[in-house]
Amino acid sequence: MSEPLGVALVGCGTVGTGVAKILSRHADRLTGRTGGRPIVLRRVIVRDADKPRECEVPPGLIATDHTVATSDPAVHVVVELIGGTTHAKRVVLDAIAAGKHVVTANKALLAAHGTEIFTAARKHGVAVCFEAAVAGGVPIIRTLAESLSANQITAIQGILNGTSNFILTSMAEGGMSYDDALKEAQRLGYAEADPTLDVDGSDAAHKLAVLAQIAFGVTPKPTDIERQGIAGIQAMDIRFADELGYTIKLLAEAWASESGPGPSTVALHVAPVLLRHTDMLAQVRGAYNAILVVGDIVGETLYQGPGAGMMPTASSVVGDLVDLAVGRAQHTFAAAKLWSAPGERPAFQIAPSEKVRSRFYLRLIVKDEPGTLADVCRCLADQEISISSVIQHEAQDGHPEKTVPLVIMTHYSETGQFRTAAAAVGKLTGIVSPPVFFSVDD
Ligand SMILES: NC(=O)c1ccc[n+]([C@@H]2O[C@H](COP(=O)([O-])OP(=O)(O)OC[C@H]3O[C@@H](n4cnc5c(N)ncnc54)[C@H](OP(=O)(O)O)[C@@H]3O)[C@@H](O)[C@H]2O)c1
């Protein structure tokens, strides 16, 4: 029998518990998948060694100091499942320096410190695997890095945050307000007590940064990705979108474009988008994730599944361990040259989203008096934006008398032009609250 692959789990919370369960319950299956090389848990590092654990970890394996794992010669792989970007970074860099491969589910760590971590890994001849860092149980990293390698990726559209998708689904299907849908997500355990990173688009931006590194060779700083969250979406926006034939989804998007003789560019952003009810991504419900990837050869492909949770995420982590046990992960790591130094890999340049062309949904609360609609139309016309349809209903509950919602759907324009027009609309005296607008994907 070959030498076992020794594993240290650093972090044994939700995901770590799932990994420990799979390693003990499916040991024989995994040995079969590695061609006879067992995958064996050697160390479990946690913050509180006395805390009761859902999985059965022999007491002799548990410690609180990660250097117990990084200094153990029987450990070949350190699995970082702590989260955050400070202690987790120390654990990962110490493991690499000690010659251990690393598996992590930590997208925030990769988005913030990918270059430092991957440079150190190349220097020490070890691999870093991170299938679980984006979309939990959906195998999107391997798909981009391996299966689609004949293609240049031209676009990515992802529902990458299950919490936001659950809230938007509850608003659309249950008629809930944003606040009630968020409370329901918290009650069911889909949202943290502090849901900020989920609902403001930051979590999706971290994941988009990781996907963009693989697909386009760009290394955006987390702040380089424009983001708009879902907190500004009101129940009436969901209703108006539905009336027009659309569903609102929080999408993480990358749009590549050839720019003549110059370098190709890619625009990256996270924002709510109106999708036609019939669009494949519009039909992704609840806490599920999905990613549409367009390749220049293959065309459109779609990947969908559970984006979080103990066992789906652990499934991806253990898949990485199997790849390390048979040596596949080491080959992929060396060939992909991820987070490499400038010039080592042809890269796109990151472009602002200003030039991305789209249609737009614009929702205003306006004073119900003559001339307001004409003023709004003039602001749009000044930016050469034409209108495709307008909805103005009678005043509704919840709005002060003599104000009404006004919804305008535009034809295509550049995002920058539309933003300029929306800013001008917001200054009109007939507009009583800041304009709300989302792009429309037809
Ligand atoms: N949960 C998901 O569905 C999911 C999905 C995709 C990706 N991820 C990512 O997976 C990672 C882990 O998430 P999780 O939900 O499993 O987290 P979690 O349930 O909060 O577990 C964190 C674990 O880390 C341990 N820990 C924290 N600080 C430590 C320290 N200083 N030293 C040693 N151990 C420490 C904790 O120890 P104690 O148990 O003693 O407190 C706990 O076992 C994160 O990067 C997360 O973004 C999670």
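Calculate how steeply helix 14-25 sits against the longest principal axis of the alpha-carbon atoms of the chain, using the helix alpha-carbon long axis, and give the answer as 0 to 90 degrees to the nearest 10. Helix 14-25 sits roughly 40 degrees off the main axis of the chain.
Amide hydrogen proximity for His269: with H placed 1.01 Å from N in the peptide plane, the residues at 5 or more positions away or on another chain lying under 5 Å are Glu253. The overall shape of the stretch 65-220 is oblate: from the C-alpha gyration tensor, with semi-axes ordered a ≥ b ≥ c, the ratio a/c is 1.5 or greater and a/b is no larger than b/c.
Eigenvalues of the alpha-carbon gyration tensor of the stretch 88-137, scaled by 5 and square-rooted, set the equivalent ellipsoid semi-axes at 18, 11, 9 angstrom, largest first.
What's the magnitude of the charge dipole for the chain around its Cα centre, counting Lys and Arg as +1 and Asp and Glu as -1 at the beta-carbon? Answer in Debye, nearest 20. Kindly include the intermediate steps, with their values, before the conclusion.
Values: 38 positive and 47 negative charges, 279 e Å.
Result for the chain is approximately 1340 debye, rounded to the nearest 20.
Can you give me the Kirkwood hydrodynamic radius for the chain, using every pair of distinct Cα atoms, in Å to one decimal? Across the chain, the inverse of the average 1/r is 23.4 Å. Residues whose amide H lies under 5 Å from that of Ser264, counting only those 5 or more places away or on a different chain, are Ser259, Gln349; hydrogens are built 1.01 Å from N in the peptide plane.
Can you bin the stretch 356-441 into rounded, prolate or oblate? Criterion: square roots of the alpha carbon gyration tensor eigenvalues sorted a ≥ b ≥ c, rounded for a/c under 1.5, prolate for a/b above b/c, oblate for the rest. It would help to have the intermediate numbers written out before the result.
Working: a/c = 2.05, a/b = 1.68, b/c = 1.22.
Prolate, since a/c reaches 1.5 and a/b exceeds b/c.
Here is how the number arises for the chain: DSSP H runs of 4 or more residues each give -39500 (n - 2.57), the sum is divided by the residue count, and the result at 222 nm is -10500 deg cm²/dmol. Considering only DSSP beta bridges with both partners in the stretch 356-441, what is the antiparallel share in %, to the nearest 5? Approximately 100 percent, going by the DSSP bridge assignments.
Suppose a student asked you for the relative contact order of the chain, using Cα pairs under 8 Å spaced at least 6 residues apart; what percent would you report?
Working: 918 pairs, mean separation 71.7, N = 442.
With pairs under 8 Å counted, the relative contact order is 16 percent.
Derived scalar couplings between HN and Hα for the stretch 335-347 equal 6, 6, 6, 5, 6, 7, 5, x, x, 6, 9, x, 10 Hz in order, rounded to whole Hz, by the Karplus curve 6.51 cos²θ - 1.76 cosθ + 1.60 (θ = phi - 60°), x for Gly and Pro. Under a 5 Å amide H cut-off, with hydrogens placed 1.01 Å from N, Ile233 pairs with nothing among residues at least 5 apart or on other chains. The phi torsions of the stretch 306-318, fed into the Karplus equation with coefficients 6.51, -1.76 and 1.60 and a -60° offset, translate into couplings of x, x, 6, x, 4, 6, x, 5, 5, 4, 5, 4, 5 Hz, rounded to whole numbers, with Gly and Pro shown as x.
Among DSSP bridges having both ends in the chain, what percentage is antiparallel? Round to the nearest 5.
65 percent
Working from Cα pairs under 8 Å separated by at least six residues, relative contact order for the stretch 356-441 is 50 percent. Shape class of the stretch 310-383 from the Cα gyration tensor (axes a ≥ b ≥ c, square roots of the eigenvalues): oblate, since a/c reaches 1.5 or more and a/b does not exceed b/c. Backbone geometry of the stretch 61-75 corresponds, through the Karplus equation with coefficients 6.51, -1.76 and 1.60 at θ = phi - 60°, to 3J(HN,Hα) couplings of 8, 7, 8, 10, 10, 5, 5, 4, 7, 5, 9, 8, x, 7, 9 Hz, x marking Gly and Pro.
In the stretch 287-374, what trypsin sites (Lys or Arg not before Pro) fall in a loop by DSSP, with at most 14 other Cβ atoms inside 10 Å? Display every interim value, and only then the final one.
Details: sites: Arg328, Lys337, Lys355, Arg357, Arg359, Arg363, Lys367; in loops: Lys337.
In loop regions of the stretch 287-374 (DSSP not H, G, I, E or B), the sparsely surrounded trypsin sites (Lys or Arg not before Pro) are Lys337.
Summing +1 for each Lys or Arg and -1 for each Asp or Glu among the other residues whose beta-carbon sits under 13 angstrom from that of Val91 gives +2.
Rule-based calculations on the coordinates, nothing more; no lab input. Predicted, not measured: the structure shown is a model, and the values here were computed from it. Backbone-built Cβ (ideal geometry, glycine too); neighbour counts: all protein chains shown.
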